[in-house]
Structure formats: structure tokens, C-alpha cells
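Everything below concerns the one structure shown next.
The values are calculated or read from the model by the stated rules, or taken from the named source; none is laboratory data. Note that the coordinates shown come from a computational prediction; the quantities given were computed from them, not determined experimentally. All Cβ positions, glycine included, derive from the backbone under ideal geometry; neighbour counts span all protein chains shown. In case anyone asks, the SASA skips ligands and DNA or RNA and just uses the protein heavy atoms, side chains included. Shrake-Rupley method; radii C 1.70, N 1.55, O 1.52, S 1.80 Å.
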Amino acid sequence: MKRTHNCGELRRSDLGKDVFLIGWVNVRRDHGGLLFIDLRDRYGITQVLFDAKLLSSSKSLHSEDLIGVGGKVQERPKGTINNKLVTGEIEVFAEKLFLLNKSKDLPFELSHDLKVAEEIRLTYRYLDLRRPIMQKRLIMRHRLVKLIRDYLGKKEFLEIETPILTKSTPEGARDYLVPSRLSPGDFYALPQSPQLFKQLLMVAGFEKYFQIARCFRDEDLRADRQPEHTQLDLECSFMTQEEILAIIEEMIGMLFEEILSLKIPLPFPHLMYQEAISKYGTDKPDLRDEKKTNFSFVWVEQFPLFQFNKEQDRLDPQHHPFTLPMEEDLSLLDQEPLKVRGLCYDLILNGQEVGGGSLRIHKRELQEKIFGLIGLSQEVYLSKFGFLLEALEYGAPPHGGIALGLDRLLMLMSGADSIREVIAFPKSGDGSCPLTGAPARVSLQQLKELSLKIDKKNKL
RNA sequence: GGGGACGUAGCCCAGUGGCUUAAGGCUCCGGACUGUCGAUCCGGUGAUCGUGGGUUCGAAUCCCAUCGUCCCCGCCA
């Protein structure tokens, strides 16, 4: 029961060969005296022809049955060549048929368009993912990640993993928490980004780091936001902003060329934050020009380091508290902190933020000053970030980096209208997974081991 | 937390108060057909219109509540 070929590779040059294919029944076309099956696997579709000999058994085949077919590759008669298929000049004349695994009637049709309620698609995601368009998207995702790894590898970047179980920090989005069994009452947090760890890797002297990193944020979902998303996270020592951006631009140019056969004009245009706001009224303008490519990248840089938080009557970091202020603005820190600009940059594609980064503070004194300016008491910042501050005291190198949202980038590259379309098993709008039923109750025993009790108001 | 749209057979969808015994396409079932390619043709099964309540002589169609889905705002350093 070993296949000799996949469903996308037979050509005219294979005429006469005895082959064995395995695949799913994509479509059945029954003509009475003969019957066609479009056999599908991840590589493509090959037409299989059944005549009188195997007719009765082939007639019972249904969509998505898994079958094995032994037969001979033959030329299609003149006028019946299908130009839509790369295998369209040939067909396999079936001599043996094995029903390997039957399929139930499908909850929705795979061979039609995507107009099916998303909840149903997600409940049966393993079927939804059989559709060629979904396979294409995930294959594109694989290629993108592979190209990134190869590219950064050549540039001497090291791929280093950072913890998923880590520590909650006070800034940013709401954390996902994981209770500690060994330390009752304490919690790990899932990382919102590897930010602190990659800075520590710079202190450790790795100079060029990257990671295809999963990031977690417990906030409400959107078409372009999931509770967990994947970003290309990278960080470099001893590089200027220009050098970092050049690496990203070259990489993105390469990705669009390799994946979409599109030449993206380099370098990307730059806008200062103030300029973007005054000209376009937004810090993520859509600069698409209909005459040219459909993809328009722009860097927006020099964001203010702080923004004023009215409710709390204090300064909040605009980006994150590790961003290096512009040298020429340092003198403003005490008197006019809202005028201080940061050495930071967002990458905007078609009006959507697909990346952001900055040069980082690498000296303890300045970092402490920033913590103070955003209203963290010494007690708080020492308990939350003391390890970082101390690390900066051991000859920490100047460094900076960036993170690109891979789901968003893929969404835009593939023309999908939601990042869920480029994620194999995404969460639905309420953060749940219709397929597995997560999140779900756990047993009392599990809670007990974690020293947790559920508030009865929320029923148990 | 707020706003909007939607919820009709397995899937997609028409129908905005009586002319609908709720239409159509696909799936599914049966039949015909030796060259199709989301085959075609003929026939058939299948929904009381998310749920509950109300208005009315009469409701899928109006009102209220509730549940669910999606989109947006808030939120997302």
C-alpha cells in the first residue's frame, strides 16, 4: 500500500507507468458507464478514470473518502485536457481500488467557497484545512518562516528560545497567568513578548539574536488580534537604527520576491511621527498608490517617548519603557518629558502596523530615571525589573531590535481578511476554541494541587 | 464595558404581517448517461423559521427578553 507518486506530479512524461496513488476523493463525476474521481492530496489533484471493471465499487465512493488507486498513466483524449490542473494532460486508469478510510457525510462542503459560518469551520478545522486555499496559506507560512531562518542565519543571527513560563510585569497588556504548583499562590505569566530576555541575550554577548516567538496577551480579540500570536523577534548589539532597518527591509524585499514574485521598492520611505500625524492624522498611514504595487511599506519613527495618562495623572510609555530617548532630547526629560522623542520605529504596511522596535536603554542610570518618570516607585521597579537593571551594570552593550507580526504580515501577503485565515488553529471571537472546547473547567483535584479555589459566583 | 449586523433544512441563502402546504442552489438518497472536470439530466428526503414571552383574527416577518456568531469602539506598552 505504498504510493509511487503524489497527486500533483504525474505528467505526459509518465505515460504508460504503473502507479499507485493515495488521496482523498475531491469530486466524483459519474457518467454511468465510466466514472471520474479527482484524487486530492497536499500536492495537487489527479484525475482517476474508472470503467466497467471497477465501476460498481467506485460508484460507492464519496467526497473525502481516503482511497488508494493502482493503475496506469494514460493520455487524455484530445479535447479533454484540463488546463487548470498541472496534471491535466494525463489521467490514471484505475485497475485496483482500495477504500482506506471512509468519510462521514461532511458538515459543510469543502470543494466550494469559504462562505461557511466561521464557527462551523473552526469546529471542524481539520476539514476546513483540507481546502487547497487553506493548505496554500499554511504552506506559505512555512515558506516564510523557512526563508526568514535561512536569511537571518546567513547574516549570523542566532535563533535562541526564551521562556514561555515567565514573570508578570506591570506594563502593557493583561497577562495570561499560570498558577505555580510548587509555590502556592504564585503565578507565572506567559510572555507578551521576549523583550527582556532578548535584551539579556545582548548583555550575554550573542550580538545578533532572533526567534519566531509566540506572544500572549489577554485582551479582546479582533480580526487582526489573537490571544496568542507569532512574531519575528530580533535584537542586535552595536548596530545603528539604520543598520537594523536595512536588514529588515532587505529581508522583506527577499520575502516578497520569493513568495509573491513581487519587487518591493527599497528602501522604504520614512515618516516622522509628528509628520505622520499632521499630514495623515494617524501614526499608521496607508500610503498605497494604485498605479504601483498593492503593498506600501513605510517606517514611522521618532514617536514621543511618553504619553500623558489623564486618569492616572502620570506619564505612560508610548512604546515600552526600555526605549532609548533621542540624545538631543535628553535635556528635556525633566522639564518637558512629553517633548522627548524615542529612537523607535513602527513598520506600517497598507495602514496596518506589522512591526515595531527601538534602540534600547543600556545603562542603569537612565533606565531607572525612565522608570521613575512613568511613576514606578523604586520598590516596584526593583521588584519587577531589578534583574534587568543589574544586568545593565555588567558592561551591557548598546543594542536595539524589532518585532514583526508574522500573522499580520501573512494575512496581508495572502490577501486574507483575518489573521485567523493564516493560523492553523485560531481562537474564535470570545477567545475559545470551538474544536477542542478550550478554555474548560478542570477537576477539583487539579485545583487543589494548585491551591486554587474558584469563586462560587461563577458556578462550578 | 459600549455600538452595529446577523441567527430560516447538513451547508449557503430568498422571503419584512395573510397570495408560503416556507422558495432556490449545494450536500445527501434513488434513477439515466463511456469523457467529464465545482459534469449533466430526471426524481426524492430534509427546516415551523436560535430560544422564551408578547401584540394580532392571523407572525419567519412587529415588540420585549434571552442565547449565540461576526464586525467595530474601549482595550491591545
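Extension gain for the segment A:K104 to A:S278, taken as residue separation times 0.36 nm less the Cα-Cα distance, is 56.7 nm to one decimal. With 0.36 nm allotted per residue and the present C-alpha distance subtracted, the A:E250-A:E290 stretch has 12.1 nm of extension available. For the set A:Y273, A:Y345, A:Y176, the ranking by accessible area, highest first and with no ligand, DNA or RNA atoms included, is A:Y176, A:Y273, A:Y345 under a 1.4 Å probe. Here segment A:123-422 carries DSSP beta bridges of which approximately 90% are antiparallel, counting only pairs with both residues inside. Sparse packing (at most 11 other Cβ atoms within 10 Å of the Cβ) combined with a DSSP loop state is found for the following trypsin sites (Lys or Arg not before Pro) in segment A:163-267: A:K263. For segment A:12-101, the spread of Cα coordinates along the three principal axes comes to 30, 29, 23 Å, biggest extent given first. The packing ranking of peptides A:366-378, A:26-38, A:433-445, highest mean first, is A:366-378, A:26-38, A:433-445, where packing means the average number of other beta carbon atoms within 10 angstrom of each residue. Each residue was assigned an accessible area with a 1.4 Å probe, and for A:I248 the value is about 0 Å². Counting only Cα atoms, segment A:258-356 measures 50, 27, 22 Å along its principal axes, largest extent leading.
Each of A:V86, A:V298 has its accessible area taken with a 1.4 Å probe; listed largest first, they run A:V86, A:V298. Measuring between alpha carbons in the structure, the pairs from A:K2/A:K53; A:K339/A:K363; A:K208/A:K292; A:K291/A:K339 lying more than 26 angstrom apart are A:K208/A:K292; A:K291/A:K339. The packing ranking of peptides A:149-155, A:130-136, highest mean first, is A:130-136, A:149-155, where packing means the average number of other beta carbon atoms within 10 angstrom of each residue.
Proximity of backbone amide H atoms, modeled 1.01 Å from N, is registered between A:E95 and A:G70, A:G71, A:K72 at under 5 Å, excluding neighbours fewer than 5 places apart on the same chain.
Taking every full run of DSSP H in chain A, the ones that stretch at least 20 Å from end to end by Cα along their long axis and average 0.0 or higher on the Kyte-Doolittle scale are A:241-260. Ranking of A:F385, A:F238, A:F20 by solvent-accessible surface, largest first: A:F238, A:F20, A:F385 (1.4 Å probe, protein heavy atoms only, all chains present). Measuring r between the beta carbons of A:H142 and A:E327 and using R0 = 56 Å, the FRET efficiency lands at 0.85. Per residue, segment A:362-444 exposes an accessible area of 45 Å² to a 1.4 Å probe, with every protein chain left in place. Give me the percent of DSSP beta bridges within segment A:12-101 that run antiparallel, rounded to the nearest 5. Here the antiparallel bridges make up roughly 95 percent for segment A:12-101.
Taken about its Cα centre, chain A carries a charge dipole of about 2340 debye when Lys and Arg each add +1 at the Cβ and Asp and Glu each add -1 at the Cβ. The residue among A:L190, A:V19, A:P267 whose Cα reaches farthest toward the positive pole of the charge dipole of chain A, with charges on the beta-carbon of Lys, Arg, Asp and Glu, is A:V19. Size estimate for chain A follows the Kirkwood approach: the inverse of mean 1/r over distinct Cα pairs works out to 26.0 Å. Take A:H270: with every protein chain present and a 1.4 Å probe, its accessible area is about 80 Å².
For segment A:338-382, take the convex hull of the Cα atoms, compute a quarter of its surface area, and give me that in nm², please. That works out to 4.4 nm². Computed from point charges on the beta carbon alone (+1 for Lys and Arg, -1 for Asp and Glu), the dipole magnitude for segment A:109-236 about its Cα centre is near 580 Debye. Spacing of the modelled spin labels on A:K369 and A:S432, each 7 Å from Cα toward Cβ, amounts to 5.2 nm. Reducing segment A:97-162 and segment A:253-275 to their Cα centroids gives an inter-centroid distance of 26 Å.
Counting only protein heavy atoms and a 1.4 Å probe, segment A:12-101 has 50 square angstrom of accessible area per residue. Adding -39500 (n - 2.57) for every DSSP H run of four residues or longer, then dividing by how many residues chain A holds, sets the calculated 222 nm ellipticity at -7500 deg cm²/dmol. Rounded to the nearest 20 debye, the dipole magnitude of segment A:380-460 is 620 debye, with +1 charges on Lys and Arg beta carbons, -1 on Asp and Glu beta carbons, and the Cα centre as origin.
Once both labels are positioned 7 Å from their Cα atoms along Cα-to-Cβ, the gap between A:K448 and A:N350 label points is 5.5 nm. Using a probe of 1.4 Å on the protein chains alone, the accessible area found for A:S432 is around 30 Å². Heavy-atom surface analysis with a 1.4 Å probe gives segment A:12-101 a carbon and sulfur content of 54 percent of its accessible area.
Cβ-Cβ distance of A:K167 and A:K78, R₀ of 60 Å, FRET efficiency by 1/(1 + (r/R0)^6): the value works out to about 0.30.
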